[in-house]
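Peer 1: Please find one structure pasted underneath; my questions will follow.
The values are calculated or read from the model by the stated rules, or taken from the named source; none is laboratory data. Fair warning: this is a prediction, and the values are worked out from it, not measured in the lab. Glycine also receives a Cβ, built like all others from the backbone with ideal geometry; neighbour counts cover every protein chain displayed. Each accessible area value is taken on the protein alone, full model and side chains, heavy atoms only, with ligands, DNA and RNA left out. Shrake-Rupley method; radii C 1.70, N 1.55, O 1.52, S 1.80 Å.
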Amino acid sequence: MQTTHKIAGDSATGYAAYLTSSSDRGDYYTGGSGDEPDEGVILAPSRWHGSPALLAGLGLSADAPVEREDLTALMHGVSPADGRELRGPGSDGSRVAGIDMTFSAPKSVSALWAVSSPYERARIEAAHGRAVAGTIARIERDVELLRTRVNAELRWERAERLLAAEFVHTSSRLTRDQERDGVPDPQLHSHVVVLGAERTNGRFAAVDSRELFRAARANGAWYRAELAHGLQELGLEIRGRTGRDGRYFEVAGVPEKLSERWSMRGAEIERAARAFRTRYGRDPQAGELGSITRSTRGTKASAATVDVEAAWRAVGEEFGLTRDRAQSLYSFEQAPVERDLKGELLADVTRDRSTVSERELWARAYELSAGISHPREADRAVAELARSGELVALKDGLWTTRELREQEQRTLELAQAHASERIAPVSESSIREARLEVQREIGGVLSAEQRSAVETITGEGGVSVLVGQAGTGKGVVISAAAGAWQRDGYQVIGTAVAGATAERLGAEAKLERSITTDSLIAGSENDSLPIDSRTVVVMDEAGMADTCRLSALTEITARRQAKLVLVGR
């Protein structure tokens, strides 16, 4: 998992204290005042990322840990060496202290780390560190982070090197339920605070945070793929394509129930994310996910000192992951990987949509490479697919596949031929009676445009299209048309990709049957849903359908001589 969020300028001092210390209980520093750590508090492992010349000019070194006062100075936009201003405030006078990119290992990795010997822990941490460094290198190479003006035109360019401070933490924040016993879940992760970047001319500049937010999925996917590759080199078996949409990986042999037991913080975040999806009807974006993550934190109140190491070992043993069992997982003999990265990528990128953005394409390639190869191989796979024509670049940074383009062309040709056929004609009297009934229900009359739309979609063609913006009365038109078809004895089936949309269509148009498009296609194929020349299929929100569904629906209605009406906006 990778989250990204801005650190406000007025939070610099407290955030620096939060990052630079952790307690001997394994969870986060409980002070946060900016003063020296209390007794029992140890410095979190840390390191600087940046070019040797830039770090030297700031009085820093990649070989030295991050000191709190140096971090605080940079978060305030000044050099820790001499106090000179490195980056000024924004146009509104405010200053962003930094951008925190948090890279978290999959829970099975953290669970294995928690019960492993010090030697194996160090090897896991080293693999994690290489994956973080590799991701930073990927950002420097591929993400345009810096804005510049050329002849009054604003452009974006890549940075020569990022200036960032990394802090390694090994547990999650305490949830509210855990505050009483003071035992957090193990969670290996790094906070990478981006403080600025070096231009190709050597000058220091602030980064455009929007590009980091937009690249968050691809960056997280690269990190996980490189981590998976590093763990395989340790002799661990990796299971790819796990989690939501198959984006993640886990270590084979770590009990799933143990990972669930140590995912209390993640479960809180997921509940909050589900609430977000329920409220807004979409997934939270990178910045919104960061806000959700922070909103679920427990307080920083002190808890009684406990032996976290012993507590973790006890929980591991309870679920069957003893230290000896953990040690045995490293004896895995690498078997040949039978998965086909290129084939999976071609199948996945347009599974639910006709096109995919370039960012999503790279992200999916890295996600699929976890457990197969180093993410560099995913870069090569995408390049080879593009050269061979299997991946096709479109306008505005969108991509599709050759197979999908050919399928779209076949579907268009079939729809054009079907549109010219005489299918489901409706009598004038049925149209008039249906229109009058709808007018009685709404207590008004249909506009000239709505009456014309009813006559158009009830015409003789085998394919009709109804397009209109929200609020233009498409529902009234569909209801009147459905009434006319039903009066003339036609079976009218409503459909939509989303079940809720199909249900709403059925209720508004008074249809006997309105089901998801997947259900309609499956029912037609197994003959449990009879579709023939006396059938009209009305698809709402047709613009939300992917090419495969539209192609199947077009082929079914054309072959059965049924009428297809596509409604969109």
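Peer 1: Against the definition (part of a strand (DSSP E or B) and touching a Lys or Arg at 6+ places or on another chain (Cβ under 8 Å)), how does Glu166 come out, yes or no?
Peer 2: So Glu166 passes the test.
Peer 1: Restricting attention to region 351-384, which residues are farther than 30 Å from His128 by Cα and either touching an Asp or Glu at 6+ places or on another chain (Cβ under 7 Å) or in a helix (DSSP H, G or I) (or both)?
Peer 2: Asp352, Arg353, Ser354
Peer 1: Continuing with this model, one more query. When you scan region 467-482, how many residues do you find that are surrounded by fewer than 22 Cβ atoms within 10 Å (Cβ to Cβ) and not hydroxyl-bearing (Ser, Thr, Tyr)?
Peer 2: Here the count works out to 8.
Peer 1: Please state which of the following conditions Lys257 fails to meet, knowing it meets all the rest: (1) assigned to a helix (DSSP H, G or I); (2) open to solvent by less than 60 Å² (accessible area, probe 1.4 Å).
Peer 2: (2)
Peer 1: Okay, next question. How many residues does region 336-371 contain that are among the aliphatic types (A, V, I, L, M) and either touching a Cys at 6+ places or on another chain (Cβ under 7 Å) or open to solvent by 40 Å² or more (accessible area, probe 1.4 Å) (or both)?
Peer 2: The total comes to 3.
Peer 1: So which pairs qualify, if the first residue must be in region 518-532 and within 15 Å of Gly499 (Cα to Cα), the second must be open to solvent by less than 80 Å² (accessible area, probe 1.4 Å), the Cβ gap must be under 6 Å, and the two must be at least 6 apart or on different chains?
Peer 2: Listed pairs, sorted by first residue: Leu520/Thr495; Ile521/Ala552.
Peer 1: Taking the stated definitions as given, is Val438 open to solvent by less than 40 Å² (accessible area, probe 1.4 Å) and hydrophobic (A, V, I, L, M, F, W, C)?
Peer 2: Yes: the conditions hold for Val438.
Peer 1: Going through region 206-249 one residue at a time, which ones are surrounded by fewer than 20 Cβ atoms within 10 Å (Cβ to Cβ), of a type in the set (D, E, K, R) and not in a helix (DSSP H, G or I)?
Peer 2: Hits for region 206-249 are Asp208, Glu237, Arg239, Arg241.
Peer 1: Would you confirm whether any residue within region 450-461 is in contact with a helix residue (DSSP H, G or I) (Cβ under 8 Å, 6 or more places away or on another chain), open to solvent by less than 80 Å² (accessible area, probe 1.4 Å), part of a helix (DSSP H, G or I) and not aliphatic (A, V, I, L, M)?
Peer 2: yes
Peer 1: Looking only at residues in region 383-415 that are polar (S, T, N, Q) and more than 23 Å from the chain's Cα centre (by Cα), which one is farthest from Arg359 (Cα to Cα)?
Peer 2: Among those that are polar (S, T, N, Q) and more than 23 Å from the chain's Cα centre (by Cα), it is Thr411.
Peer 1: Could I ask something else about it? Go through region 95-147 and give me each residue that's of a type in the set (Ser, Thr, Tyr) and open to solvent by less than 10 Å² (accessible area, probe 1.4 Å).
Peer 2: Those that are of a type in the set (Ser, Thr, Tyr) and open to solvent by less than 10 Å² (accessible area, probe 1.4 Å): Ser108, Ser110, Ser116, Thr135.
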